[in-house]
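The structure appears right after this line, and notes come after that.
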Amino acid sequence: MDFALLSGLVAFALIYAFAIRTAKAGGRSEVAAFCAGWVVVVFALASPLEEWADGSLTAHMAQHELLMVVAAPLLAAGHLELAIVALTPRRRRRALVWWLRMLRINMPVAWALHGTAIWAWHVPTVYQAALATPFLHAIEHMCFLGTALLFWRAALDRRLGAGAAALYVFATSLHKNVLGALLFLSPLIWYPIYGTSPAALADQQLAGLVMWVPGGVVLAVTALFLVGRWLAETERRVATRERMLASRVPRVSGAVIMVLGSALFLNACNDTRATAAALTGGDADRGREKIQQYGCWTCHTIPGIPGANATVGPPLNGIAGRSYVAGRQNSPKNLVEWIQKPQSIRSPTPMPDMGVTDTDARDIAAYLYTLK
Ligand code: HEC
């Protein structure tokens with residue numbers, strides 16, 4: 001048993017307890033999750049399993065799976081980052097918190113890092129180098145656990161949404177299954193450091209199986225759980241909407257309101273159209289076509305223009321209600337001028353002169369002024 005490691009883990013748990021108390025952050029379930037995760041780490045790294053892992057690929061693989069698919073999600077759910085922040089010198093903390101936040105909401109990065117760590121450390125030369133050097137071996141375990149923590153933190157973040165989280169967890173289970181299956185099916189010894197006997201090959205097959213089946217099952221079950229949560233979220237949303245429709249407005253008056261509402265809406269549209277036309281001397285419908293012709297949509301997000309969701313320039317929604325356009329007072333004259341020759345109004349500006357004719361510029365301005 002590795003007493004240095006064990007005392008390090010105990011110290012970490014104490015710091016966590018202190019940090020979570022001062023931050024008043026964790027509820028009971030978070031603390032319980034952290035404790036469970038911590039016990040799994042101790043079992044994986046500081047129990048007889050560790051000694052067994054020295055001579056057996058299967059035991060080593062079991063260790064890795066425990067760290068990545070059991071301990072990591074529990075620790076992540078328990079907000080272990082509080083302890084890491086508490087361990088950081090005060091002046092570095094702000095930067096650390098920034099990084100943690102960036103990574104937490106950046107699932108594609110966390111996912112890719114975790115996947116890369118898994119595949120890279122199984123490359124035979126890398127894996128064997130780690131087995132031969134205790135320092136590299138420690139780094140290997142830190143890579144597995146660290147990237148798994150990032151991955152699970154992102155997966156558990158509510159902002160990601162359960163549906164997307166399920167997809168990422170499922171994608172991880174898929175590529176790990178492939179790696180596990182490759183190990184299991186390979187007739188060649190990948191890591192001769194364990195020996196080249198038939199027993200070593202059987203050990204390698206069993207190790208592949210450990211990654212493929214128990215590891216894969218935990219991930220697949222988690223993905224299913226997340227899908228369930230996603231469905232429940234969707235159902236709840238639909239149910240609330242239906243309840244609102246059913247209870248507040250009896251059917252018939254609902255229909256009447258719809259008809260009246262659409263009439264009012266159309267009327268209002270016509271009104272804005274008429275105003276826009278009066279302001280600019282252009283025609284909004286023609287303007288919409290011109291916007292498509294001139295390709296304004298390649299740089300701008302413009303409501304009502306299919307496919308106009310570019311973000312090179314500022315979005316053009318709500319132009320009618322703004323006080324300033326392109327840095328000058330929002331008047332029809334200024335807008336028309338800007339559309340025709342932005343380069344002579346403000347140089348340099350990234351918006352090019354596109355040779356828009358006067359009539360076309362008025363039509364386009366008319367359309368833009370219908371965007372409230
Ligand atoms: C090559 C990219 C590009 C194209 C194409 C382009 N724009 Fe722009 N547009 C910009 C950029 C960038 C700005 C911000 C410029 C600035 O403020 O100096 C801008 C600013 C504007 C503004 C002012 C927005 C505000 O919030 O102040 C309007 C209006 C506008 N563009 C309309 C158009 C119209 C209409 C077209 C098509 C005729 C068009 N743009 C084509 C890049 C483009």
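The values are calculated or read from the model by the stated rules, or taken from the named source; none is laboratory data. Values in this document were obtained by computation on a predicted structure and should not be read as measured data. Methodologically, a virtual Cβ is constructed for each residue, glycine included, from the backbone with ideal geometry; neighbour enumeration extends over all protein chains shown. Surface areas here come from the heavy atoms of the whole protein model, side chains and all, with no ligands, DNA or RNA. Shrake-Rupley method; radii C 1.70, N 1.55, O 1.52, S 1.80 Å.
When the residues of region 72-98 are narrowed to those that are under 22 Å from residue 215 (Cβ atoms) and open to solvent by 30 Å² or more (accessible area, probe 1.4 Å), which ends up farthest from the chain's Cα centre (by Cα)? My answer is 74.
Any residue that is more than 25 Å from residue 170 (Cβ to Cβ) and among the basic types (Lys, Arg) - is there at least one of those in region 81-90? There is at least one residue in region 81-90 that is more than 25 Å from residue 170 (Cβ to Cβ) and among the basic types (Lys, Arg). Scanning region 303-318 for residues being open to solvent by 60 Å² or more (accessible area, probe 1.4 Å) and more than 8 Å from the ligand (Cβ to nearest atom) gives a total of 4. The requirement of being acidic (Asp, Glu) and within 30 Å of residue 212 (Cβ to Cβ) is fulfilled nowhere in region 23-39; no residue meets it.
Per this entry, residue 111 is counted among residues that are farther than 30 Å from residue 192 by Cβ, in the same structural domain as residue 169 (by TED's automatic domain parsing) and in contact with a Phe, Trp or Tyr (Cβ under 6 Å, 6 or more places away or on another chain). For region 319-370, filtered to residues that are part of a loop (DSSP other than H, G, I, E, B) and more than 10 Å from the ligand (Cβ to nearest atom), the residue that is farthest from the chain's Cα centre (by Cα) is 357.
Of the helices (runs of 4 or more DSSP H) that lie entirely inside region 1-66, those containing 3 or more residues that are within 31 Å of the chain's Cα centre (by Cα), crowded, with 17+ Cβ neighbours inside 10 Å and touching a residue at least 40 places away in the same chain (Cβ under 8 Å) span 3-23, 28-45, 57-65. Listed by first and then second residue, the pairs with beta-carbon distance under 7 Å, at least 6 apart or on different chains, first residue in region 192-210 and under 18 Å from residue 176 (Cα atoms) and open to solvent by 40 Å² or more (accessible area, probe 1.4 Å), second of a type in the set (Phe, Trp, Tyr) and assigned to a helix (DSSP H, G or I), are 205/184; 209/184.
One line per residue, one yes/no per condition, for (1) open to solvent by less than 50 Å² (accessible area, probe 1.4 Å); (2) assigned to a helix (DSSP H, G or I); (3) of a type outside the set (Gly, Ala, Ser):
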site	(1), (2), (3)
143	yes, yes, yes
150	yes, yes, yes
168	no, yes, yes
180	yes, yes, no
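Scanning region 99-138 for residues that are more than 14 Å from residue 150 (Cα to Cα), open to solvent by less than 60 Å² (accessible area, probe 1.4 Å) and not in a loop (DSSP other than H, G, I, E, B) returns 120, 121, 124, 126, 127, 128, 129, 130, 131, 136, 137, 138. When residue 330 is tested against (1) closer than 16 Å to residue 354 by Cβ; (2) open to solvent by less than 50 Å² (accessible area, probe 1.4 Å); (3) among the polar types (S, T, N, Q), exactly one condition is not met: (1).
Name the residues in region 270-302 that are part of a loop (DSSP other than H, G, I, E, B) and more than 13 Å from the ligand (Cβ to nearest atom), would you?
Within region 270-302, 281, 283 meet the criteria.
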